[in-house]
1. Kindly indicate whether Arg372 is among the basic types (Lys, Arg), modelled with pLDDT of 95 or more and surrounded by fewer than 22 Cβ atoms within 10 Å (Cβ to Cβ).
2. Taking the residues in the stretch 336-366 that are among the acidic types (Asp, Glu), surrounded by fewer than 19 Cβ atoms within 10 Å (Cβ to Cβ) and touching a Ser or Thr at 6+ places or on another chain (Cβ under 7 Å) as candidates, determine which candidate is nearest to Leu525 (Cα to Cα).
3. Can you pull out the residues in the stretch 517-554 that are within 30 Å of Met425 (Cα to Cα) and of a type in the set (A, V, I, L, M, F, W, C)?
4. Are there any pairs, at least 6 apart or on different chains, whose C-beta atoms fall under 9 Å, with the first in the stretch 121-148 and in the same structural domain as Ser95 (by the TED database) and open to solvent by 40 Å² or more (accessible area, probe 1.4 Å) and the second among the charged types (D, E, K, R) and in a helix (DSSP H, G or I), and if so, which?
5. With respect to Glu309, is the statement that it is at pLDDT 95 or above, acidic (Asp, Glu) and in the same structural domain as His111 (by the TED database) true?
6. Filter the stretch 199-231 for residues that are open to solvent by 10 Å² or more (accessible area, probe 1.4 Å), under 18 Å from Ser287 (Cβ atoms) and outside any loop (DSSP other than H, G, I, E, B) and give the result.
7. Filter the stretch 380-404 down to residues that are buried (at least 19 other Cβ atoms within 10 Å of the Cβ) and either among the aliphatic types (A, V, I, L, M) or without any contact (Cβ under 8 Å) to a residue 40 or more places away in the chain (or both), then give me how many there are.
8. Give Arg498, Arg511, Arg491 a once-over and let me know the one that is under 25 Å from Glu361 (Cβ atoms) and among the basic types (Lys, Arg).
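The values are calculated or read from the model by the stated rules, or taken from the named source; none is laboratory data. Treat the numbers as computed from the prediction; the structure is a model and nothing was measured. Here Cβ is always computed from backbone atoms with ideal geometry, including for glycine, and neighbour counts include all displayed protein chains. Ligands, DNA and RNA are excluded from the accessible area calculation, which covers all protein heavy atoms including side chains. Shrake-Rupley method; radii C 1.70, N 1.55, O 1.52, S 1.80 Å.
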Amino acid sequence: PARYFDTKTTEPISFFLSGLEELLSWQPNSHDVFNICTVPLAQRQPPLRSRRPRTLLCHDMRGGYLEDRFIQGSATRNPYVFYHWRYIDIFVYFSHRTVTIPPVCWTNAAHRNGVPVLGTFITEWTDGEKLCEAFLAGGEDAYHAVSQQLARIAQHYRFDGWLINMENALSAAAVGNLPSFLRHLTARVHGAVPGGLVIWYDSVLENGTLRWQNELNEQNRVFFDACDGLFVNYNWKEEHLERTWELAGQRHVDIYIGVDVFARGDVVGGGFDTNKSLSLIRKHGLSAAIFAPGWVYEHLGEENFLQNEDKFWGLLEDYLPTHSICTLPLATSFSVGMGTSMFLTGKEEETGPWYNLSAQEIQPLYPEHWGRLSTSCCLQDAWCGGSSLRVQGTIPPGEEHVAIRLFSFQMHAPPKLFLNLLYKMEGPHGDDFTVALELTTWHSSRCHDGTVTVLPKPHGRHHPRLLPAPPPALSRLLATCSHGAQGWTSRCYEQELRGCSLRDLSVLVSRKQASPQETSFSCLLGEIRVLDAGSMAASPPQVQSLTASQLWWQ
């Protein structure tokens, strides 16, 4: 069928469903295999169920299903990518199609970084009224069939739930059944998808009128009570937040206050002033829904997108609590899922633009210390994939080194770790510096139980021991470890730990000679791995039942 494959190239593509008939007739299909997410949702701390205010990101760009629809990637120059996943709790893919199934590349990238993904079920205008009347105004069989199909679709394609957005008036009969539909859908999604979510958008009132409230109140509370959360419209003022917090009670973190980055209508702040909105939302202990952050790409242009993107998220950093890794191994070459070339072991294998978010790797924190330290994506040189992580900064006068925090952890430390780092100094004075790794830990007696939201200060600072060669258990896995290539330096380390928890992993840049002057440096990080030495001794599980299908010999 045309829906599964691009008519020009025959390549597999992600797709949406239009109208009630397509939704109700949907069945799993042998062509579907490309669209099923292949990456399980990674665990991280704190979990979504914690009571810390959350950040939802709602991606809405030019109608959706652009170059991101090509499941196996495309040769797109300067595409839109998102990589600040450590700030985000929930990702929504939004379009104006009735049933927006998130393109699988987004689900793969988000899941790899621990972020659940929601599709969108939307009805609007006169057609939306007719559609709602058709399934909500009758008996429960009709709306049960819709909720059953939505839950099956999320389960089949392995994404995590739905944003429900009804932007049309409803008849008395239809609105009367709406809370029951939301309760049934929420129960079905919870049953079909571990950790599944259903979020309602602030639009229709309990009497069926379409009127955005910009708050939780008695006219829309019935829908909030029937599902996992409310996405509040964008034209709020501080008094709306005060009333919302009061009415929400213990569920205040389930209220996602909308922030339109395009700043349409009467809003507190958008664009590079989005922080003004977030500061008020956080002041009142509520969650935030950042809508259309693609403003950076659409409004400011494609050319300096990566720099502008880092600036945008850097300005919000104080209002976006980060997430921590809680499982090992950690292995990443920092690829953001695009490039101007493709690199392998430091060598340029292919030139030309490419874009494939499924190839995006685990992303670091991207810390910014204005004017002193910065991290950014470098497309000109990489160890593996399309990009490396550029770390730039200055070592202040009289100081020996600076530490750049890359990853936050919240987990018990294994007795012994192996670490691997690949890096390359830039500029004429690269030999004046050494690069190493630093781990911080805290006592396990202060350890987390899944509810810690503010990490304690580290008690231990460790500088892992440099190994002249990788140990036998690692040598095959890290065949590159004994030597870098193409100017890259490879280092293997080990660290023994006892009775503590991992806190942070930083890269430490030191100058070899003390200096009263400020010293600038620039370093590319090509790959980092953190491995539990105990798990290296066991043989990896054998791959079984391998099959190949959808073959095209050329």
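1. no
2. Per the criteria, the residue is Glu348.
3. First, pick out the residues of the stretch 517-554 that are within 30 Å of Met425 (Cα to Cα): 517-533.
Answer for the stretch 517-554, where residues must be within 30 Å of Met425 (Cα to Cα) and of a type in the set (A, V, I, L, M, F, W, C): Phe521, Cys523, Leu524, Leu525, Ile528, Val530, Leu531, Ala533.
4. His144/Arg188; Gln148/Arg188
5. Details: at pLDDT 95 or above: yes; acidic (Asp, Glu): yes; in the same structural domain as His111 (by the TED database): yes.
Taking the combined requirement at face value, the residue satisfies it.
6. Scanning the stretch 199-231 gives Tyr201, Arg221.
7. Selection size over the stretch 380-404: 6.
8. On the way: Arg498 fails: under 25 Å from Glu361 (Cβ atoms); Arg511 fails: under 25 Å from Glu361 (Cβ atoms).
Going through Arg498, Arg511, Arg491 in turn, just one is under 25 Å from Glu361 (Cβ atoms) and among the basic types (Lys, Arg): Arg491.
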